[in-house]
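Engineer: Quick one: structure below, then a few questions.
The values are calculated or read from the model by the stated rules, or taken from the named source; none is laboratory data. Note that the coordinates shown come from a computational prediction; the quantities given were computed from them, not determined experimentally. Cβ atoms come from the backbone with ideal geometry, glycine included; neighbour counts cover every protein chain shown. Accessible surface areas use protein heavy atoms only, side chains included; no ligands, DNA or RNA. Shrake-Rupley method; radii C 1.70, N 1.55, O 1.52, S 1.80 Å.
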Amino acid sequence: MPASRILGTGHYLPPRVVTNFDVMKMMETSDEFIVQRTGVRRRRHAEADVSASDLAALACQEAVADAGLTMDQIDLVIMNTITPDHADPGCAFFLQAKLGLAGIPVLDIKQQCAGLIYGLSLADHFVRAGTYRHVLVACAEVLSTRIDGSNEGRNIAILLGDGAGAVVVGPAEDDSRRILSTILHADGRHAKALYTEAPGSALGRKEHVTKDDIDAGRVHFRMDGKAIFQNGVDKMSEAVVECLQANGLALEQIDALVPHQANLRMLEKIVERLGISREKVFANVEEYGNMASASLPIAFHEARQSGLIRPGSLVILVAFGSGFSWGSALLRA
Ligand SMILES: CC(C)(COP(=O)(O)OP(=O)(O)OC[C@H]1O[C@@H](n2cnc3c(N)ncnc32)[C@H](O)[C@@H]1OP(=O)(O)O)[C@@H](O)C(=O)NCCC(=O)NCCS
């Protein structure tokens, strides 16, 4: 079966910079707490009239141009977000309309911070099977619309930033640049370690959402921070080792590791656990915070721009998110 590769990457970050001192005006917290526990110093917030599909469309345009393609050469759009434009239909439809791609199939996936890994895996399989030639994978988040500054919500609110990243996957010309493996995992037993209770159909009543849901904070993220921290470090570290073993590689052969930008302390623990050289691990979480699924494609894009990743570099992408959902992708970039 022919191989696929990432043909192009794109990103978009809204211009408004929000510092920890700005966050201190929204909730009871401190720059010291945020920096010490998460490493985050700044993040971006979109303006109120900007949606996830708006951010995604800009990232997609850059990715398609970077791939040397025109938009009409895209055959499938896969989108991941936890902050869709509307409750339904899927955000991919709104993105597709903005990209002028009416008629081609679209697919929404809901894998939270692991969205890019799942999207890449699907794209790789579709391209290798010959079903679609060029697949656009977009991850976009407007997490600033999900900020809960109450004492219950602030452990996650301090991390959140807005942004979008996209990749185009298409046929590989030869073995020098290709996707070598994607390995996916999930464990729904932990679905409530980081979740939003309402709206929903499991609330023991017929109303999808009520005013009481809003008043009681059920519409906000609730996170068991310690469980997420520990499992994030464990699963991302294990996923890297699993990826190396599955491909018969040693850690020293890897040119770059690009992890989900959850939290700088988590990244430091992963570096320590794996024993990988810090210079090979890309991080931008200090600048942008945690942008859920958008973090990884933006980090990959910036790692290419920075020169850490060059054509032919051997790269592992790894992510962990709520669900739990996690996995890796190995590529010759
Ligand atoms: C969020 C995180 C920094 C919180 O650190 P923690 O030590 O686990 O914090 P806890 O929630 O146990 O709270 C510890 C104390 O800090 C306080 N606290 C929590 N968030 C705070 C904030 N933003 N500002 C100030 N104090 C805060 C709590 O109220 C608590 O106070 P108490 O001991 O008086 O009750 C940490 O759990 C973490 O990084 N988790 C992973 C988060 C993550 O990466 N999520 C995304 C996954 S994709």
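Engineer: Could you tell me which residue of the stretch 66-80 is surrounded by the fewest Cβ atoms within 10 Å (Cβ to Cβ), considering only residues that are closer than 15 Å to Ala97 by Cβ and under 20 Å from the mean Cα position of the chain (by Cα)?
Structural biologist: In the first step, residues of the stretch 66-80 are kept if they are closer than 15 Å to Ala97 by Cβ; the result is 71-72, 74, 77, 79.
Subsequent filtering for residues that are under 20 Å from the mean Cα position of the chain (by Cα) retains 77, 79.
On the way: Val77: 23, Met79: 31.
Taking the candidates together, the pick is Val77.
Engineer: Quick check on the stretch 142-155: of everything there that is in contact with a Leu (Cβ under 8 Å, 6 or more places away or on another chain) and open to solvent by less than 20 Å² (accessible area, probe 1.4 Å), which residue is farthest from the ligand (Cβ to nearest atom)?
Structural biologist: Step one: filter the stretch 142-155 for residues in contact with a Leu (Cβ under 8 Å, 6 or more places away or on another chain), giving 142-144, 146-147.
Imposing the further condition that a residue be open to solvent by less than 20 Å² (accessible area, probe 1.4 Å) reduces the set to 142-143.
On the way: Val142: 16, Leu143: 11 Å.
Among those that are in contact with a Leu (Cβ under 8 Å, 6 or more places away or on another chain) and open to solvent by less than 20 Å² (accessible area, probe 1.4 Å), it is Val142.
Engineer: Working only within the stretch 194-223, note down all residues that are more than 11 Å from the ligand (Cβ to nearest atom) and hydrophobic (A, V, I, L, M, F, W, C).
Structural biologist: If the condition is that a residue be more than 11 Å from the ligand (Cβ to nearest atom) and hydrophobic (A, V, I, L, M, F, W, C), then Ala198, Ala202, Leu203, Val209, Ile214, Ala216, Val219 are the ones that fit.
Engineer: Shifting gears a bit: Name the one entry in Lys280, Lys226 that is away from the ligand (no atom under 13 Å from the Cβ), open to solvent by 40 Å² or more (accessible area, probe 1.4 Å) and free of Cβ contacts under 8 Å to residues at least 40 places away in the same chain. Spell out how you get there, then give the answer.
Structural biologist: On the way: Lys226 fails: away from the ligand (no atom under 13 Å from the Cβ).
None of the other options fit; the residue is Lys280.
Engineer: Kindly indicate whether His301 is more than 16 Å from the ligand (Cβ to nearest atom), modelled with pLDDT of 95 or more and within 18 Å of Gly119 (Cβ to Cβ).
Structural biologist: Working: more than 16 Å from the ligand (Cβ to nearest atom): yes; modelled with pLDDT of 95 or more: yes; within 18 Å of Gly119 (Cβ to Cβ): yes.
Against the criterion (more than 16 Å from the ligand (Cβ to nearest atom), modelled with pLDDT of 95 or more and within 18 Å of Gly119 (Cβ to Cβ)), His301 qualifies.
Engineer: Follow-up. Would you please name the residue that is farthest from the ligand (Cβ to nearest atom), looking only at residues in the stretch 12-25 that are in a loop (DSSP other than H, G, I, E, B) and either in contact with a strand residue (DSSP E or B) (Cβ under 6 Å, 6 or more places away or on another chain) or under 17 Å from Ala48 (Cα atoms) (or both)?
Structural biologist: Initial filter on the stretch 12-25 (in a loop (DSSP other than H, G, I, E, B)): 13-16, 24-25.
Next cut, either in contact with a strand residue (DSSP E or B) (Cβ under 6 Å, 6 or more places away or on another chain) or under 17 Å from Ala48 (Cα atoms) (or both) only: 13-16.
Working: Leu13: 19, Pro14: 20, Pro15: 24, Arg16: 21 Å.
Among those residues, the one meeting the criterion is Pro15.
Engineer: All but one of (1) within 16 Å of the ligand (Cβ to nearest atom); (2) of a type outside the set (Phe, Trp, Tyr); (3) surrounded by fewer than 20 Cβ atoms within 10 Å (Cβ to Cβ); (4) part of a helix (DSSP H, G or I) hold for Leu244; state the number of the condition that does not hold.
Structural biologist: Checking Leu244 against (1) within 16 Å of the ligand (Cβ to nearest atom); (2) of a type outside the set (Phe, Trp, Tyr); (3) surrounded by fewer than 20 Cβ atoms within 10 Å (Cβ to Cβ); (4) part of a helix (DSSP H, G or I), the one that fails is (1).
Engineer: Given Gly165, Gly217, Gly161, which one is under 24 Å from Ile34 (Cα atoms), within 18 Å of the chain's Cα centre (by Cα) and at pLDDT 95 or above?
Structural biologist: Details: Gly165 fails: under 24 Å from Ile34 (Cα atoms); Gly217 fails: within 18 Å of the chain's Cα centre (by Cα).
Answer to the check: Gly161.
Engineer: Which one is nearest to the ligand (Cβ to nearest atom), of the residues in the stretch 287-298 that are open to solvent by 10 Å² or more (accessible area, probe 1.4 Å) and not aromatic (Phe, Trp, Tyr)? Quick ask: steps written out before the conclusion?
Structural biologist: Within the stretch 287-298, the subset open to solvent by 10 Å² or more (accessible area, probe 1.4 Å) is 287-288, 290.
With the extra rule that they be not aromatic (Phe, Trp, Tyr), the set shrinks to 287, 290.
Numbers: Glu287: 16, Asn290: 5 Å.
Once the filter is applied, the top-ranked residue is Asn290.
Engineer: Pick out the one residue from Ile158, Ile183, Ile179 that is within 16 Å of the ligand (Cβ to nearest atom) and open to solvent by less than 60 Å² (accessible area, probe 1.4 Å). Give the steps one after another, and end with the answer.
Structural biologist: On the way: Ile183 fails: within 16 Å of the ligand (Cβ to nearest atom); Ile179 fails: within 16 Å of the ligand (Cβ to nearest atom).
Exactly one residue qualifies, and that residue is Ile158.
Engineer: Evaluate the stretch 230-237: report whether one residue or more is more than 12 Å from the ligand (Cβ to nearest atom), surrounded by fewer than 23 Cβ atoms within 10 Å (Cβ to Cβ) and modelled with pLDDT of 95 or more. Can you show your working first?
Structural biologist: Taking the stretch 230-237 and keeping what is more than 12 Å from the ligand (Cβ to nearest atom), we get 234, 237.
Applying the additional criterion that residues be surrounded by fewer than 23 Cβ atoms within 10 Å (Cβ to Cβ) yields 234, 237.
Then drop every residue that is not modelled with pLDDT of 95 or more, which leaves 234, 237.
Yes - at least one qualifying residue is present in the stretch 230-237.
Engineer: Restricting the stretch 251-272 to residues that are open to solvent by 10 Å² or more (accessible area, probe 1.4 Å) and away from the ligand (no atom under 11 Å from the Cβ), which is nearest to Val240 (Cα to Cα)?
Structural biologist: Leu251
Engineer: crowded, with 24+ Cβ neighbours inside 10 Å and closer than 19 Å to Val35 by Cα, is that true of Ala329? Reasoning before the result, please.
Structural biologist: On the way: crowded, with 24+ Cβ neighbours inside 10 Å: yes; closer than 19 Å to Val35 by Cα: no.
No.
Engineer: Suppose the filter is open to solvent by less than 20 Å² (accessible area, probe 1.4 Å) and more than 13 Å from the ligand (Cβ to nearest atom); does Ala129 pass it?
Structural biologist: So Ala129 fails the test.
Engineer: Every residue in the stretch 26-45 that is touching a residue at least 12 places away in the same chain (Cβ under 8 Å), assigned to a loop (DSSP other than H, G, I, E, B) and over 18 Å from Asn284 (Cα atoms), please.
Structural biologist: Scanning the stretch 26-45 gives Met26, Met27, Glu28, Thr29.
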